[in-house]
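Remarks on the structure that follows.
The values are calculated or read from the model by the stated rules, or taken from the named source; none is laboratory data. Predicted model only: the values in this text are computed from it and were never measured. In this analysis, Cβ positions are derived from the backbone assuming ideal geometry, glycine residues included, and neighbour counts consider all displayed protein chains.
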Amino acid sequence: MKNQISAYDVARQAGVSQSTVSRVLNNYPHIKEATRKKVLVAIEELGFTRDEIARSLASKKTRTIGLIVGDITNPFFSESAKVITKKAQKLNYNVILCNTDHNEIQLEKDIQTLKGKRVDGIIIASADKDNQKISTLFDQGFPVVLYNSIMQHDKANYIAVNNYKGARLAVEHLFNLNHRNIGYIAGPSKYLTTHFRNLGFKNALEEFGVEINKQYVYQGEFSYNEVYQFTKKVLRLKNRPTCFFATSDQMAFAVLDAASSENISIPDELSVIGFDDVDLAKNEFIGLTTITQPKERMATLALENLISLIEESEEMDSPLQIILEPDLVIRKTTSICHK
């Protein structure tokens, strides 16, 4: 059996020290380009593959992180995951992606699986506000950053947008367009993200003196098909809403889909506003008016702060809690209500 090539063999072939080989493998700066090239040539010639298991045992780090999302088919999560994985690769970290389908039992299983694989830390992009498994991770000091989620825990690290303000911006925009019969795709309040959006929506309506018709409100899980069927039913009412605010762009697309199936013109007969500003919302054939989340900045901050938690030897004095500001982006799906 052929002996496995080691870093020692690469060093001898390149005429450098083993520590230099290690620095090249880990993309350390301040290495002469000629030296780096000699090491890379030696690696290629010998067919060297680094033993990641031995390396992780020696360093007690696997350079692997977990990323848990609620629904990978939601463009917000898939676009965010792309940013995180791409930037992680540049920092020599691998990413294990888990999808929970907004199921808390599956979330807890995924956390257990990731810890079993000895990941160095976890980014969690969708979670119940009272999840005890995540609370335990924070209590234990395990590196965790919540992304687009908030938990009321004194050690919680999170990156999120001001969801309360975002919902108020949406209602204010619709009110200024003379809409008073407002449909609302709320989603479940068990997530603090939607809880604050619901609170912002409710308080804005009260401030503007607008009453909400409970028939117009969807509070189930974020299911495209369920929102589609709910919207069709509401649009068939004799006194139907003149607009919808959906607390995610994906659900706003379901509303647009349902309106199209009922031959209702957007925005002349129905205005629609979403929340997230995913890439598809910018498509010229859709042009969704929406509340934007700076997802690339949020994803970058989540990753950078997680790696800081992993690599810092001392516990931080206070948790990382970052709230970014939303903006209203007006496109083609909202207009003045003449009804």
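If you check Ala127, Ala156, Ala167 for being surrounded by 17 or more Cβ atoms within 10 Å (Cβ to Cβ), among the small types (Gly, Ala, Ser) and at pLDDT 95 or above, only one passes: Ala167.
Look through the range 298-328, keep the residues that are acidic (Asp, Glu) and at pLDDT 95 or above, and return whichever of them is nearest to the chain's Cα centre (by Cα). Give the steps one after another, and end with the answer.
Filtering the range 298-328 down to residues acidic (Asp, Glu) leaves 304, 311-312, 314-315, 317, 325, 327.
Checking which are at pLDDT 95 or above leaves us with 325, 327.
Values: Glu325: 16, Asp327: 17 Å.
Checked the range 298-328; the qualifying residue nearest to the chain's Cα centre (by Cα) is Glu325.
Please find, among Glu269, Glu221, Glu206, Glu211, the residue that is at pLDDT below 95, farther than 25 Å from Leu146 by Cα and of a type outside the set (Ser, Thr, Tyr). So the residue among Glu269, Glu221, Glu206, Glu211 that is at pLDDT below 95, farther than 25 Å from Leu146 by Cα and of a type outside the set (Ser, Thr, Tyr) is Glu211.
Here are some residues: Ile323, Ile336, Ile310. Which one is in a loop (DSSP other than H, G, I, E, B), in contact (Cβ under 8 Å) with a residue 40 or more places away in the chain and either closer than 29 Å to Pro267 by Cα or of a type outside the set (S, T, N, Q) (or both)? Let's see the steps before the verdict.
Details: Ile323 fails: in a loop (DSSP other than H, G, I, E, B); Ile310 fails: in a loop (DSSP other than H, G, I, E, B).
Exactly one of Ile323, Ile336, Ile310 is in a loop (DSSP other than H, G, I, E, B), in contact (Cβ under 8 Å) with a residue 40 or more places away in the chain and either closer than 29 Å to Pro267 by Cα or of a type outside the set (S, T, N, Q) (or both), namely Ile336.
For the range 67-123, the tally of residues that are within 13 Å of Lys133 (Cβ to Cβ), of a type in the set (Ser, Thr, Tyr) and surrounded by fewer than 21 Cβ atoms within 10 Å (Cβ to Cβ) stands at 1.
Could you tell me which residue of the range 270-325 is nearest to Arg180 (Cα to Cα), considering only residues that are of a type in the set (Gly, Ala, Ser) and in contact with a Leu (Cβ under 6 Å, 6 or more places away or on another chain)? Show your work before the answer.
We begin by selecting, within the range 270-325, every residue of a type in the set (Gly, Ala, Ser); these are 271, 274, 281, 287, 299, 302, 308, 313, 318.
Restricting the remaining residues to those that are in contact with a Leu (Cβ under 6 Å, 6 or more places away or on another chain) gives 274, 281.
Working: Gly274: 17, Ala281: 24 Å.
This residue is Gly274.
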